[in-house]
Amino acid sequence: MQTIDQALAKLQMSRFRAKFHLTQKDRDYITEKGMDTIRSHAENFIATRLAPAEIPNDGKQTPMRGHPVFLAQHACACCCRGCLEKWYRVPKCRGLTEDQQRRIVNLLMAWICREYEKTGGFYGKEKDRRYADFGAETEKEDGDRHD
Ligand SMILES: [Zn+2]
């Protein structure tokens with residue numbers, strides 16, 4: 001399994017994925033709500049829009065704007081089950097496990113934190129804590145993914 005750093009680096013090599021960035025409106029929204037709230041929105045979107053085995057409008061369920069998590073989903077190829085299968089070999093037509101959902105949310109949040117900082121937002125200690133979590137988590141799970 002790849003780490004979050006590796007996944008983000010690979011996504012940067014896709015012109016389509018790399019063109020997504022947070023807007024000023026997204027940044028203001030994050031500043032107002034706080035990163036924990038954004039994370040809970042991400043958990044909710046993934047659980048309801050991406051995790052079910054059957055998604056009637058798959059490929060069209062993620063708007064191109066309107067929420068930082070939507071942008072992160074496109075930037076990270078976690079926008080639909082088709083992209084998830086193509087990029088991460090997660091098979092379609094099968095519900096996502098809680099573990100898979102958690103890893104997707106971590107990737108999305110890593111992208112959001114980096115974008116937020118890159119455009120002048122400061123996340124300080126909270127960001128460092130999150131990054132440490134991602135690292136430990138992805139390393140620990142190295143062995144049991146994509147058999
Ligand atoms: Zn997609």
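Read the figures in this text as sums done on the coordinates, not as results from a lab. Not measured: the values here are computed from a predicted model. Note that we place each Cβ from the backbone using ideal geometry, even for glycine, and neighbour counts take in every protein chain shown.
Assorted remarks:
- Surrounding net charge for N57, when Lys and Arg each add one and Asp and Glu each subtract one, Cβ distance under 12 Å: +1
- Among V69, V90, L50 the positive-end extreme of the charge dipole of segment 43-120 (Cβ point charges): V90
- For K25, net neighbour charge (Lys/Arg +1, Asp/Glu -1) across residues whose Cβ lies under 15 Å away: -1
- For segment 35-51, Karplus couplings with θ = phi - 60° (6.51, -1.76, 1.60), whole Hz, Gly/Pro x: 5, 5, 5, 4, 4, 5, 5, 4, 4, 5, 4, 5, 5, 9, 9, 10, 6
- Cα extents of segment 61-106 along the three principal axes, largest first (Å): 28, 19, 15
- Pairs over the 19 Å Cα-Cα cut-off, from the set K10/K60; K25/K118; K10/K86; K19/K118: K10/K60.
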